[in-house]
Structure formats: structure tokens, C-alpha cells
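Here the structure is laid out as C-alpha cells; the discussion comes afterwards.
The values are calculated or read from the model by the stated rules, or taken from the named source; none is laboratory data. All values derive from a computational prediction rather than experimental measurement. For neighbour counting, all protein chains shown are included, and Cβ atoms are generated from backbone atoms with ideal geometry for every residue, glycine included.
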Amino acid sequence: MSAGSRIWERLRKDRTGLTGLAIVGIFLALAIGVWLGFFGQGWSAADGGRWEPMSPEFWFGTNLLGQDIFQRSIFSVRTAFEIGLIVAVVSTSLGALLGALAGWYSHTWVDGTILWVKGVLDSIPFYLFVAAVAYALQGKPWAMHVAMIATFWTTTSRLVRGEVMKIKSREFILSARAIGLPDFVILLRHVLPNTLHILLVQASIAFVAAIKTEVILSFLGLGVQDGVSWGLMLAESTQEVLAGHFNNFLAASVMLFMLLMGFNMLADALQDAFDPRRSAE
């Protein structure tokens, strides 16, 4: 049985992982539906009255401005996936590249420089640094993404560096160097593909972290500026809860909890499936 088949078999037997995959799949389908314009397009329309209760017309009621809370919470799924995917892909790719370079040229100035930058970033309190970068770039459409990518790559880089330091001494790598293949080609074709198990798990973790960070930044007014997200809905609900209206708060909180729970369950299952200690099973 191939390595890929063994990994899928382990994942298929993991009921928690499959449950997480199903939850993520449902939310992904909602995000695709919003992207295609099937639903969620009326998120900004103030067609209802102030704080209307749940009804066939407004499934989750309306907010202070008379906007449909259901439409806003569904459109926020798209926002979550856009931010999560962009940050996860870019930060994981950056971490993989820098980690591979650090591991390949270990104990040289290249490795030392990357480790120094990583050490500096890791020494700064995470949310303080992200909020500072987002505030400094406030008004820029990619401010929040840049802030998260600037910090999320470090863990991936550390893990990939350690893996590359082990891989580069293996026979197939020594053979590739012996026939004169350039270092870049060896890294791209032979080294990085062997770190895929790390990258998949780290990307799923970064996805979850990006969504949680966006909610915090949006709640503070440093996140989404030209749309709607669960973070903005929670920020809006602070006034509504004091007035005794909880629909906005509950809609954003429940959907955020469900998506994060699904991704955490999936990430745990992926870590178990890729665990090298289970390779003999």
C-alpha cells in the first residue's frame, strides 16, 4: 500500500476527522455559493425594521440598522474563507521556502539570518505585533493579511528547517548532488515534496489562526473595512446585547464556533494520519 493510501485509510477510519471534514465541506459550499452569487448578496440592504425578531422573511432577525442577520452571517463565511485561504497559502509557502533554505544551508549566514528574523518576530507578543502592523497599514486593503502573514510563517519555517536537515543527508539527495543538479532544483523537486505532510497540517492550523485573528482585529476596528465578517458582527452586537437583543451575537458566535471546531477536528486528524510513528501500521 502506498503512503498516500495509508494516510487516507487512517483518515477514513477517524470519525472525528471525517466529521470535521464534513463541517468544513458544508461551510466551503456556502462560501462558493456566496462567491457565485447564489445567496448572501443582500447583506448590506436595510430592508427590515430595527431589531426585528426571527421570521420567515428574516430567519435570524435584523440588526440595529434593519439588515438581515442571516444574510450577513452567510456572507461572512466567504470573508472567513478568503482570509483563511490567502493567509494560510502565503504564510505556509513563505515558511516552507525560508525553512528549506535555512535547513539546506544550515549553520551558514543564510540559516543565521533567517533564524534571527524568526527569533525577533517570535519574541514580540503575537496579537500586539499583528495589531501594530494592521494599525500602521490601516486603510490599505491588504493590511490585515500582511500583518498575519508576517508572523504566521515562523512555525512552519522551524518545522521545515528541521525536516530538511534530516532529508538532505539521505541517499537520493546525495545522488542528486553527485550528478550536478543545482541546489534550487534539488530543493524544489526532491526536498520540499517530502515536507508536504508538515505543510498540509500547518496550512490547516494557519487557516484557523487567520480566522480567529481576523475576528479580533475586526472587533477592534483594524480588520475588514469594505465588507462584513463575524468579527464586525460581534462588534456591532456589543450595543445590541446591552439593549437585550442577542440574535447578531448568537449568529456570528455559533457559525464561527462551528467552522473553527470543524477545522480543528480536521487538523487533529491530519496530524494523526501523517504521524510517522504510525508508518508501520
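Can you find a residue in the range 218-235 that is in contact (Cβ under 8 Å) with a residue 60 or more places away in the chain, out of contact with any Ser or Thr (no Cβ under 7 Å at 6 or more places or on another chain) and part of a helix (DSSP H, G or I)?
no
Restricting to the range 47-58, name every residue that is small (Gly, Ala, Ser) and touching a strand residue (DSSP E or B) at 6+ places or on another chain (Cβ under 8 Å).
Residues satisfying the conditions are Gly48, Gly49.
Tally the residues that are aliphatic (A, V, I, L, M), loosely packed, with under 15 Cβ neighbours inside 10 Å and either in a helix (DSSP H, G or I) or at pLDDT 85 or above (or both), restricting the search to the range 29-53.
3
Answer yes or no as to whether Ala203 is closer than 26 Å to Ala134 by Cα, in a helix (DSSP H, G or I) and either touching a residue at least 12 places away in the same chain (Cβ under 8 Å) or of a type in the set (Ser, Thr, Tyr) (or both).
Taking the combined requirement at face value, the residue satisfies it.
Can you pull out the residues in the range 80-111 that are within 26 Å of Leu260 (Cβ to Cβ), touching a helix residue (DSSP H, G or I) at 6+ places or on another chain (Cβ under 8 Å) and either hydroxyl-bearing (Ser, Thr, Tyr) or not in a helix (DSSP H, G or I) (or both)?
Scanning the range 80-111 gives Ser91, Thr92.
Looking at Ile186, Ile149, can you tell me which residue is more than 24 Å from Ile205 (Cβ to Cβ) and in a helix (DSSP H, G or I)?
Ile186
Of all residues being free of Cβ contacts under 8 Å to residues at least 24 places away in the same chain and small (Gly, Ala, Ser) in the range 238-259, which is nearest to Phe60 (Cα to Cα)? Just the residue, please.
Of everything passing the filter in the range 238-259, Ser253 is nearest to Phe60 (Cα to Cα).
Can you confirm whether Val130 is touching a residue at least 40 places away in the same chain (Cβ under 8 Å) and touching a helix residue (DSSP H, G or I) at 6+ places or on another chain (Cβ under 6 Å)?
Considered against the rule, which asks whether it is touching a residue at least 40 places away in the same chain (Cβ under 8 Å) and touching a helix residue (DSSP H, G or I) at 6+ places or on another chain (Cβ under 6 Å), Val130 comes out as yes.
Residues being touching a Leu at 6+ places or on another chain (Cβ under 7 Å) and acidic (Asp, Glu): count how many of those fall in the range 118-157.
The number of residues fulfilling the criteria is 0.
Mind checking which residues of the range 167-197 are basic (Lys, Arg) and surrounded by 12 or more Cβ atoms within 10 Å (Cβ to Cβ)?
Matches in the range 167-197: Lys168, Arg170, Arg177.
With the requirement that a residue be surrounded by fewer than 15 Cβ atoms within 10 Å (Cβ to Cβ) and either more than 21 Å from Leu85 (Cα to Cα) or touching a helix residue (DSSP H, G or I) at 6+ places or on another chain (Cβ under 6 Å) (or both), what does the range 8-28 give you?
The answer is Trp8, Glu9, Arg12, Lys13, Arg15, Thr16.
Is it true that some residue in the range 251-267 is hydroxyl-bearing (Ser, Thr, Tyr), crowded, with 19+ Cβ neighbours inside 10 Å and within 25 Å of Gly40 (Cβ to Cβ)?
No, there is no match, as no residue in the range 251-267 is hydroxyl-bearing (Ser, Thr, Tyr), crowded, with 19+ Cβ neighbours inside 10 Å and within 25 Å of Gly40 (Cβ to Cβ).
Could you tell me whether Gly61 is touching a Pro at 6+ places or on another chain (Cβ under 8 Å), touching a residue at least 24 places away in the same chain (Cβ under 8 Å) and of a type in the set (Gly, Ala, Ser)?
yes
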